[in-house]
Amino acid sequence: MKYPIKNICCIGAGYVGGPTMAIFAKYCPDIVINVVDLNKDRIKKWNSTKLDNLPIFEPGLEKIISENRGKNLFFSNKVEEKISEADMIFISVNTPTKEKGIGAGQASDLKWIDACARQISKYAKANTIVVEKSTLPVKTAQTIKQILDAPNNDFPDKNFSILSNPEFLSEGSAINNLENPDRVLIGGNNKDAIDALIDIYLRWVDKDKILTTDLWSSELSKLISNAFLAQRISSINSITALCEKTGANIKEVSIAIGSDQRIGKYFLNAGPGFGGSCFKKDISNLVYICNFYGLNETASYWQKVIDINQWQSSRISEIIVRNLFGTISGKKIGILGFSFKANTNDTRESPAIKICKQLLEEGAILKIYDPKVKKEKILKELSPYLYLDEIDNKSSNHKLIYSSSAEEASTDSDALVILTEWDEFKDLNWNKLSNLMRSPYWVFDTRTIINIEDAKLSGFNVWRIGDGTLKKGDIVN
Ligand code: UDX
Ligand code: UDX
């Protein structure tokens with residue numbers, strides 16, 4: 001083996017870097033794995049003896065951390081030192097959408113990638129393999145390579161091999177996705193470096209699931225995978241409003257179309273719109289790249305996937321207002337679920353943020369409960385839309401109240417809005433909740449998970465996304 005790997009460094013201890021390296025540590029006991037991050041607080045949490053305090057909630061993660069941390073898996077802020085010890089370095093830092101300057105709102109901000117490449121160029125030893133884990137615009141490897149290969153008088157002998165090895169993990173099932181991936185994609189030009197990374201994955205992944213490509217195909221495939229997944233959700237969501245108008249039911253439609261193997265049954269659940277750190281960012285980036293190459297038709301095709309997503313959340317807010325007699329000013333509304341999907345505490349791009357913002361603008365008082373998202377995070381996400389004295393305080397002016405249970409969120413509320421498909425919302429005690437609420441009361445089920453019959457029996461007016469079969473009179477679609 002031309003590149004014996006004994007020591008790995010991963011830059012970025014986030015939702016991707018943390019779980020990915022935990023699995024590497026589990027299956028590679030002979031390799032020392034250092035996960036480094038600039039953020040001191042985050043590293044402190046990764047090293048916390050109380051596993052409840054890990055910075056990321058991910059089913060199955062606590063066990064793997066407790067079994068491997070301190071053995072061959074280490075978390076620290078010693079970025080330079082750990083880079084200098086590594087045979088292979090993963091870049092797993094965030095690449096948010098640019099907020100200003102050229103490509104603002106669409107292009108990915110590569111300042112962290114640039115900074116990492118410069119650190120690697122300065123501190124890494126010769127012949128290090130550098131692996132892109134972050135989702136990056138196609139051709140970023142070229143930028144990284146240019147920085148790494150720039151003449152360096154202090155270390156003239158250094159050379160680097162660059163690989164693209166995008167992650168396909170989905171939050172909430174990241175551990176399972178990492179342990180049993182559909183495929184592992186490795187892009188690169190140097191066969192020995194590719195073999196070194198394949199050798200790591202072969203410890204737990206079948207050979208025929210490991211695909212190798214050139215660098216550009218690998219980078220682009222990651223972006224396009226996310227675009228296709230998001231497109232499926234926008235496609236099904238675009239039909240929900242039509243179901244509501246025509247008396248059809250999106251759940252039945254999903255099953256009927258998904259039974260065609262060419263379409264497939266997965267990823268067809270209608271909802272309040274997709275969230276998460278990847279979909280919007282990656283499609284925006286795709287739109288930007290297409291426009292850059294003058295492919296305006298391709299760009300506008302993909303832009304529509306984002307537009308439908310935005311429309312889906314705003315039409316839900318409008319439906320809530322219309323049902324509550326055209327005004328929600330001063331009315332209390334219980335929000336159940338704030339994370340962008342179940343089984344994660346991640347709120348990035350959560351549709352709940354958009355919907356809550358619109359309800360606040362209409363003057364509602366929101367009582368928000370999520371099983372895993374902490375109070376501070378909810379307040380941080382919504383504080384830009386509020387004055388200080390409106391946030392979770394005892395003054396009569398408050399507009400935002402953190403609730404620690406579904407019951408608390410229901411108390412004195414006119415409506416409940418289910419925004420995340422947490423298991424505990426599937427069998428809520430509707431009778432108990434109805435006794436706490438102000439009559440007449442509504443439930444808006446944007447995830448099609450509640451037991452409608454029970455809710456109706458307890459006197460709720462029920463609205464469900466994409467369900468045109470609900471009796472007219474109860475609700476306005
Ligand atoms: C990842 C990928 O990196 C992103 O490209 C992909 O599209 C989504 O998933 P994620 O792990 O979710 O991002 O991001 P985040 O949880 O924000 O973690 C990134 C970490 O990198 C942060 O903890 C940040 O402090 C750290 N960081 C950033 C560094 O340590 N150094 C830097 O220079 C920049
Ligand atoms: C996604 C990709 O799935 C993963 O492969 C990639 O590496 C990162 O981006 P993630 O963002 O963690 O993963 O979550 P995902 O399960 O894809 O869900 C994204 C959003 O789509 C969520 O808001 C979810 O609620 C929504 N969704 C998903 C639906 O509304 N309906 C569905 O049927 C599936």
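Observations
- Set Leu148, Leu223, Leu136: member being surrounded by 15 or more Cβ atoms within 10 Å (Cβ to Cβ), assigned to a helix (DSSP H, G or I), of a type outside the set (D, E, K, R) and within 16 Å of the chain's Cα centre (by Cα): Leu223
- Residue satisfying all of: in region 154-204; of a type in the set (Val, Ile, Thr) and more than 16 Å from ligand 2 (Cβ to nearest atom); surrounded by the fewest Cβ atoms within 10 Å (Cβ to Cβ) among these: Ile198
- Residue count for region 45-102 satisfying the condition of being in a loop (DSSP other than H, G, I, E, B), of a type outside the set (D, E, K, R) and over 23 Å from Ile120 (Cα atoms): 12.
- Of the strands (runs of 3 or more DSSP E) lying entirely inside region 343-439, the ones with 3 or more residues being more than 30 Å from Phe267 (Cβ to Cβ) are found at 400-402.
- Of all residues in region 67-96, exactly one satisfies the criterion of being surrounded by fewer than 18 Cβ atoms within 10 Å (Cβ to Cβ) and within 30 Å of Ile306 (Cα to Cα), namely Pro96.
- Any hit, region 36-50, residues being surrounded by 23 or more Cβ atoms within 10 Å (Cβ to Cβ) and under 15 Å from Phe90 (Cβ atoms): yes
Every residue, every condition in (1) of a type in the set (A, V, I, L, M); (2) over 26 Å from Ser350 (Cβ atoms); (3) within 16 Å of ligand 2 (Cβ to nearest atom), yes or no:
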site	(1), (2), (3)
Asp214	no, yes, no
Ala227	yes, no, yes
Ala230	yes, no, yes
Pro272	no, no, yes
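- Residues in region 2-19 that are more than 7 Å from ligand 1 (Cβ to nearest atom), touching a strand residue (DSSP E or B) at 6+ places or on another chain (Cβ under 8 Å) and under 18 Å from Asn345 (Cβ atoms): Gly18 only.
- Of residues in region 103-125 being part of a loop (DSSP other than H, G, I, E, B) and without any contact (Cβ under 8 Å) to a residue 40 or more places away in the chain, the one farthest from ligand 2 (Cβ to nearest atom): Ala104
Taken together, the values in this text are just the output of simple stated rules run on the coordinates, not laboratory data. Remember, predicted model here, so these are calculated numbers, not experimental data. Because the Cβ atoms are built from the backbone with ideal geometry, glycine has one as well, and the counts that use them run over all protein chains shown.
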